[in-house]
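Participant: My structure is below; once you've seen it, I'll send some questions.
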């Protein structure tokens, strides 16, 4: 039976309103809107949905369902693997909630001056941290940033392969492969994986030399790596890439740069990474932002897919204005003809990151980086003292480290299940993605973990692995 009143959640559900909308766009039936979907892909049977609930009943149902979640506030969390629990200052949340930013479209006030200045501060502060002059506005994720950078390198070199270190987040590798497009596509970029040394976790340079060739557009690696290892061969990797005429793209966790060298110091041409550690909550892993940076060189600038913000003097002495640069080469300016498509769903996180970096300053980054180093190594040392447990790469890691449980005769899944019963989230199970590491998990320790937290973890692991 046709409705004569609007559905409580859909104001446009009255037939008269639907008819008016269809007439406005020149179609006679809703089905015409879905003609591009093959018939055999459309649902033909009625959906077996539960009975309709009142607003009050629905709210209660959803709250009951959500209450089943186990959060990092309720549980002690040592899970990282691409999304990490860092301290988010209250000022970061307060600033992004202001009316200037909290709008339906990434912070779009009637005047762009305040927004553009804030975005300029994001780019300039991150550029100072990275020791690079050119930083674009953030893209959706670290994987997106790496994928865009690979495509930039392919356009710069006119080559069709990229060498990527195998010690990488499988999800991030999947995103990079998506950006490299299927083999059937004209602009396909072949991904060649580079082994890592099983004894150290560092890139295998002999394998790199064997893979890099005249079609290699870029070499991509990360420091710290997905396994937490600080890559100490950056200069040699960059030299091998350069000798073959390839670009060097380095992924980095920016929170490490208070204690580790910027990738540009050992030869990186393009630097990418995540902005999530910079005052941004975990948000279940989605849309937490990635950055792309390079030298301020036309060779790189004209290949960026992102928006740039520039600063210039105005006609009034001492006054400056901020505006978009190279807009015409982006998907905003050229739509489908742009260098690449980028969305703006994470531009507001640039405001949060700006607030965080301004509050921290150089000394703050050094302090937090030092804390993370000390606490992560303290945790690794205590865990390695447990019978049957060892740290696979015991030196030269930052924030994350691989813990092997082969000597306990228990799987990582069994150990993590037991830890959850003790209200602890254990490390990321690596058994499926990195079978050569055995029963191993990637543990994460940041500045939020106290000595008591670490000792509680160690006591719990000792208990659940006891024979």
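Participant: In region 189-303, which helices (runs of 4 or more DSSP H) lie fully inside it and hold 1 or more residues that are buried (at least 19 other Cβ atoms within 10 Å of the Cβ), under 25 Å from the mean Cα position of the chain (by Cα) and at pLDDT 95 or above?
Facilitator: 234-243, 298-301
This table checks each residue for (1) out of contact with any strand residue (DSSP E or B) (no Cβ under 8 Å at 6 or more places or on another chain); (2) surrounded by fewer than 11 Cβ atoms within 10 Å (Cβ to Cβ); (3) modelled with pLDDT of 90 or more; (4) in a loop (DSSP other than H, G, I, E, B).
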site	(1), (2), (3), (4)
46	yes, yes, no, yes
50	yes, yes, no, yes
53	yes, no, no, yes
56	yes, yes, yes, no
59	yes, no, yes, no
63	yes, yes, yes, no
73	yes, yes, no, yes
79	no, no, yes, yes
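Participant: Of the residues that make up region 5-16, is at least one under 35 Å from the mean Cα position of the chain (by Cα), within 29 Å of residue 284 (Cβ to Cβ) and part of a loop (DSSP other than H, G, I, E, B)?
Facilitator: Yes - at least one qualifying residue is present in region 5-16.
Participant: I need the full set of residues from region 441-462 which are farther than 23 Å from residue 224 by Cα and without any contact (Cβ under 8 Å) to a residue 12 or more places away in the chain, in order please.
Facilitator: Passing the criteria: 452, 459.
Participant: Then there is this: Inside region 448-467, can you point out the residues that are part of a loop (DSSP other than H, G, I, E, B), touching a helix residue (DSSP H, G or I) at 6+ places or on another chain (Cβ under 9 Å) and surrounded by fewer than 19 Cβ atoms within 10 Å (Cβ to Cβ)?
Facilitator: 450, 466, 467
Participant: Something else now. With part of a loop (DSSP other than H, G, I, E, B) and buried (at least 17 other Cβ atoms within 10 Å of the Cβ) as the only criterion, which of 386, 372 stands out? Steps first, answer last, please.
Facilitator: On the way: 372 fails: part of a loop (DSSP other than H, G, I, E, B).
Only one candidate passes the filter, namely 386.
Participant: Being assigned to a helix (DSSP H, G or I) and surrounded by fewer than 11 Cβ atoms within 10 Å (Cβ to Cβ) is the filter; apply it to region 17-29 and report the residue that is nearest to the chain's Cα centre (by Cα).
Facilitator: Once the filter is applied, the top-ranked residue is 25.
Participant: Now, a different point. I need the full set of residues from region 389-423 which are touching a residue at least 60 places away in the same chain (Cβ under 8 Å) and assigned to a helix (DSSP H, G or I), in order please. Give the derivation first.
Facilitator: Of the residues in region 389-423, the ones touching a residue at least 60 places away in the same chain (Cβ under 8 Å) are 389, 392-393, 396-402, 405, 420, 423.
Within region 389-423, just 420 meets the criteria.
Participant: On to the next question. What about residue 413, is it loosely packed, with under 15 Cβ neighbours inside 10 Å and touching a strand residue (DSSP E or B) at 6+ places or on another chain (Cβ under 7 Å)?
Facilitator: Spelling it out, residue 413 is indeed loosely packed, with under 15 Cβ neighbours inside 10 Å and touching a strand residue (DSSP E or B) at 6+ places or on another chain (Cβ under 7 Å).
Participant: Restricting attention to region 308-342, report how many residues are in contact with a strand residue (DSSP E or B) (Cβ under 6 Å, 6 or more places away or on another chain), surrounded by 14 or more Cβ atoms within 10 Å (Cβ to Cβ) and part of a loop (DSSP other than H, G, I, E, B).
Facilitator: 2
Participant: Give just the number: which of (1) surrounded by fewer than 16 Cβ atoms within 10 Å (Cβ to Cβ); (2) touching a strand residue (DSSP E or B) at 6+ places or on another chain (Cβ under 6 Å) does residue 394 not satisfy?
Facilitator: (2)
The values are calculated or read from the model by the stated rules, or taken from the named source; none is laboratory data. Small disclaimer: the values here were computed from a predicted structure and weren't measured. Cβ coordinates were reconstructed from backbone atoms using ideal geometry, including for glycine residues, and neighbour counts include every protein chain displayed.
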